[in-house]
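Engineer: Handing you a structure now.
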Amino acid sequence: MEESGPVTESVTSGDLNGLRILVVEDEAAISLLLEDMLLDFGCEVIGPAARLSAALDAVSREKVDLAILDVNVAGEPIYPVAEALAQRSIPFVFSTGYGSAGIRDTFRDRPVLQKPFAQNDLKQKLLMARSTAV
């Protein structure tokens, strides 16, 4: 199968179909929304993890293709999880209501999903994270 270049045409659900995506989010309403959107894309959802320890456990035990990380989970910064994913070369997207200004410098190159977000925004950020990780 040939590798294609950057995505220039409209994306289809097949682009993310079958991927195992870890969701780390402590707000139930947002995690349910993410789960519904990811299922619409044909993804398998891991989690959601509402605590840092659960997220770290999932990274070490599960096969993860991509991750969506709330920057602040139950009052704790998400960076230990981001570092664990980066060590395993697993792409991820930060999710935050504060924009990229609140992201630690070492991770400023990662896609940021600004809350509130639409389904298409989520898809674009996930595809961006996946394409830059290859």
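The values are calculated or read from the model by the stated rules, or taken from the named source; none is laboratory data. Just so you know, these numbers come straight off a predicted model, no measurement behind them. Please note: Cβ atoms are built from the backbone with ideal geometry, for glycine as well, and neighbour counts cover all protein chains shown.
Engineer: Against the definition (in a helix (DSSP H, G or I) and surrounded by fewer than 13 Cβ atoms within 10 Å (Cβ to Cβ)), how does Ser60 come out, yes or no?
Structural biologist: Working: in a helix (DSSP H, G or I): yes; surrounded by fewer than 13 Cβ atoms within 10 Å (Cβ to Cβ): yes.
Here the answer is yes, as Ser60 does meet what is asked.
Engineer: Considering only the range 88-121, how many residues are at pLDDT 95 or above, in a loop (DSSP other than H, G, I, E, B) and loosely packed, with under 13 Cβ neighbours inside 10 Å?
Structural biologist: Within the range 88-121, residues that are at pLDDT 95 or above, in a loop (DSSP other than H, G, I, E, B) and loosely packed, with under 13 Cβ neighbours inside 10 Å number 3.
Engineer: Could you list, in sequence order, all residues of the range 19-36 that are among the hydrophobic types (A, V, I, L, M, F, W, C), part of a helix (DSSP H, G or I) and under 17 Å from Lys123 (Cβ atoms)? Spell out how you get there, then give the answer.
Structural biologist: As a first pass, look at the range 19-36 and keep what is among the hydrophobic types (A, V, I, L, M, F, W, C): 19, 21-24, 28-30, 32-34.
Still in the running and part of a helix (DSSP H, G or I): 28-30, 32-34.
Hits for the range 19-36 are Ile30, Leu33, Leu34.
Engineer: Also, I was wondering about something else. Only one residue in Glu62, Glu76 is free of Cβ contacts under 8 Å to residues at least 40 places away in the same chain and among the acidic types (Asp, Glu). Which one? Even if it seems obvious, please write down each step before you answer.
Structural biologist: Values: Glu62 fails: free of Cβ contacts under 8 Å to residues at least 40 places away in the same chain.
Going through Glu62, Glu76 in turn, just one is free of Cβ contacts under 8 Å to residues at least 40 places away in the same chain and among the acidic types (Asp, Glu): Glu76.
Engineer: A follow-up question, please. Taking the range 77-126 only, how many residues are of a type outside the set (Phe, Trp, Tyr) and either within 21 Å of Leu33 (Cα to Cα) or in contact with an Asp or Glu (Cβ under 9 Å, 6 or more places away or on another chain) (or both)?
Structural biologist: 24
Engineer: For residues in the range 65-86 being crowded, with 22+ Cβ neighbours inside 10 Å and within 15 Å of Gly18 (Cα to Cα), which is nearest to the chain's Cα centre (by Cα)?
Structural biologist: Ala67
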